[in-house]
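Beneath this line is the structure, given in structure tokens, with notes to follow.
The values are calculated or read from the model by the stated rules, or taken from the named source; none is laboratory data. Just so we're clear, the structure is a prediction, and the values are computed from it rather than from any experiment. Here the Cβ positions follow ideal geometry from the backbone for every residue, glycine too, while neighbour counts run over all protein chains shown.
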Amino acid sequence: MFNHIKTLSDIILEEERKAKTASGSFTILMMQIQDAAKIIASHVRCSGLVDILGKTGNKNAYDEEVQKLDEYSNDLLVKILLESGQVFAIASEELPDIIYTPKSNAGNYIVFFDPLDGSSNIDSNSPIGTIFSIYHRNSNILQKGENQVAAGYILYGPSTVFIYASKYSINGFTLDPAIGSFLLSSPNLKMPEKGNIYSLNEGNYELYDEPIKRYLTHLKTSKTYKARYIGAMVADIHRTLLRGGIFLYPADAKNKEGKLRLLLEVNPMSFIVEKAGGMAVSNGKNPLSIEPTSISQRVPIAIGSKENVKEFLKIIHE
């Protein structure tokens, strides 16, 4: 008997049928994001063979060095999204301003994305990824994370994994390059209530404030925790999502507001982790409840299994 394995497209179409007001626009948008992910994945696999690896010599809107693969991925996503006819506006980590679709081709969604998270890993052939976040069109482009329609990330590692979360479900898919489809590999994702892995850049230890140092001391002296840090939020969050634990990027003496961007990284990951039963906190509150003030707004973040995040809050407030 034929055993059909569901694809990402199947899940999106199933969700479309659940939405009473669905017009098919969101489905088209997600199909375009899928196509972009497949193309980027193909270039990532060939990055050591073609003239796409290495630095451009330019810096992005946030004064960070741009890799050629970053630039390619950003240009591809911008082109595909603007030409889809489904977006009203887009914002990217690589661009200083919001881009609005011409009125003649404007749609009803706003998309925020980081085209290649962890780009410093490119030259060492380590995991990198794409993060995206989708909102309904609104007079206010900068909306709270709780308004997200869907969010997800694509991890380019030994295999290409697509994690997709909406109000209906959260599922993981793996790209089968033989047929060019994202096949359902992790249905109804649920992260463990607690894990024994913590992930942060301990090289910044001397820059952290005393509560964070106290928490790190607790982790190191408890003899139950293991440290794992890849340096790409997508990869570190993916491991945390599957195995439990906590990921932190606290504020420090150099980054007093935090390093990660609320709209481009923190909100989509918080939406995903909450949907899987986890928890996120930023300055004592759920980041999804924060009113954004700019595209470049940065916040500290602690995110992961509920029990780990609760333990973190307890210790830093002692």
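Structure values in brief
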| item | result |
| --- | --- |
| Residue identified as out of contact with any strand residue (DSSP E or B) (no Cβ under 6 Å at 6 or more places or on another chain) and modelled with pLDDT under 95 among Glu291, Glu318, Glu274 | Glu318 |
| Residue among Gly24, Gly48 that alone is at pLDDT 85 or above and over 23 Å from the mean Cα position of the chain (by Cα) | Gly24 |
| Segment 57-79: number of residues that are modelled with pLDDT of 65 or more, within 19 Å of the chain's Cα centre (by Cα) and not small (Gly, Ala, Ser) | 9 |
| Search result, residues across segment 165-182 that are in contact (Cβ under 8 Å) with a residue 40 or more places away in the chain and either outside the structural domain of Ala151 (by TED's automatic domain parsing) or among the small types (Gly, Ala, Ser) (or both) | Ala165, Ser166, Ser169, Gly180, Ser181 |
| Residue satisfying condition, being surrounded by 20 or more Cβ atoms within 10 Å (Cβ to Cβ) and without any contact (Cβ under 8 Å) to a residue 40 or more places away in the chain, within set Lys79, Lys68 | Lys68 |
| Check on Ile315, surrounded by fewer than 22 Cβ atoms within 10 Å (Cβ to Cβ) and within 19 Å of the chain's Cα centre (by Cα) | no |
| Search result, residues across segment 94-118 that are closer than 15 Å to Glu265 by Cα, in contact with a Ser or Thr (Cβ under 9 Å, 6 or more places away or on another chain) and of a type outside the set (Val, Ile, Thr) | Glu94, Phe112, Phe113, Asp114, Pro115, Leu116, Asp117, Gly118 |
| Single unsatisfied condition, Ile197 versus (1) in contact with a strand residue (DSSP E or B) (Cβ under 8 Å, 6 or more places away or on another chain); (2) without any contact (Cβ under 8 Å) to a residue 40 or more places away in the chain | (2) |
